[in-house]
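Bear in mind that the values in this text are calculations on the coordinates, not laboratory data. Bear in mind that the values here come from a model prediction, so they are computed numbers and not experimental data. Using ideal geometry, Cβ is built from the backbone for each residue, glycine included, and neighbour counts are taken over all protein chains shown.
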Amino acid sequence: MSDFEKLMHRYGRIYGWAMLLAISAFPVMASIYFGIWPDLAVIWPGVLTMWILMASYVLSEMIAFPPILGPGSLYLTYITGNLQNQKIPCALSAMSVAGIETGTEKANAVSVVAVAVSSITTTIIIALGILLMTPLKPVLNSEFLAPAFNNVVPAIFGALAGMWFLKEVKVSVASILICILGLLVLKIDMQWVLLGGIVLTVLVARGMYQAGIIGKEKETDKEKK
């Protein structure tokens with residue numbers, strides 16, 4: 001582990017725990033001040049249900065996203081939130097513009113900057129949105145813009161996915177077919193399709209590489225250099 005990664009892990013853990021304490025401070029202080037505490041017997045079934053539902057999402061994210069974001073931006077992403085809608089697309093776009101492959105120390109540094117800038121931008125936009133919410137309410141609630149707001153996430157990930165699919169078409173086709181099979185044919189929930197799709201795609205890609213179906217071009221280019 002490089003000095004950069006050690007530094008990211010150190011400060012990421014510090015700020016992560018600090019943010020957890022800050023988030024928990026208000027409900028705890030409010031409960032102390034008003035003398036009202038949650039009834040665990042009442043809320044426990046709902047909490048347990050949420051844990052079960054979120055466990056698969058968290059597990060799949062922790063497998064899929066660390067190789068893309070790197071430690072520094074991953075800590076920052078989980079502190080500021082909006083991972084799939086904003087942070088991942090920003091990091092991938094920044095690495096693509098810089099011409100850097102994921103998983104390298106340079107990619108980690110670029111993704112930290114991209115996630116930080118996107119977080120600052122989000123904060124500014126939210127502040128402006130609060131100030132302009134009342135004047136712009138008729139425009140934002142108009143029927144003309146409704147389809148656009150309903151398809152923001154597919155539009156973002158569709159554009160980014162196309163770029164990455166073209167880098168390894170054969171593996172991408174296999175991954176798409178696996179997910180379509182899970183979602184439309186087997187009717188499996190999205191979180192389990194995501195988790196299973198990651199594992200199966202890695203296995204398929206490894207099998208293709210061992211069979212010589214993929215990876216030939218890169219090895220040929222290296223030999224020429």
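Worth pointing out:
- Going by neighbour counts of Cβ atoms within 10 Å, the residues 172, 2 line up, fewest first, as 2, 172.
- The orientation-averaged shadow of the Cα convex hull for segment 1-66, equal to a quarter of the hull surface, comes to 6.3 nm².
- Note on 126, 176, 100: ascending count of other Cβ atoms within 10 Å places them as 126, 176, 100, the fewest first.
- Here the 3J(HN,Hα) profile of segment 99-113, calculated from phi with Karplus coefficients 6.51, -1.76 and 1.60 at θ = phi - 60°, is x, 10, 7, 5, x, 9, 5, 5, 5, 4, 5, 5, 5, 4, 5 Hz, Gly and Pro shown as x.
- Filtered GluC sites (Glu not before Pro), segment 12-108: DSSP coil and at most 11 other beta carbons within 10 Å: 101
- For the chain, with +1 on Lys and Arg beta carbons and -1 on Asp and Glu, the positive-most of 130, 46, 99 along the dipole: 99
- When each of 93, 73, 175 is scored by the number of other beta-carbon atoms lying within 10 Å, the sequence from fewest to most is 93, 175, 73.
- Mean projected area (nm²) of the alpha-carbon convex hull when segment 1-149 is viewed from all directions: 13.1
- One quarter of the surface of the convex hull around the alpha-carbon atoms of segment 155-214 equals 4.3 nm², the direction-averaged projected area.
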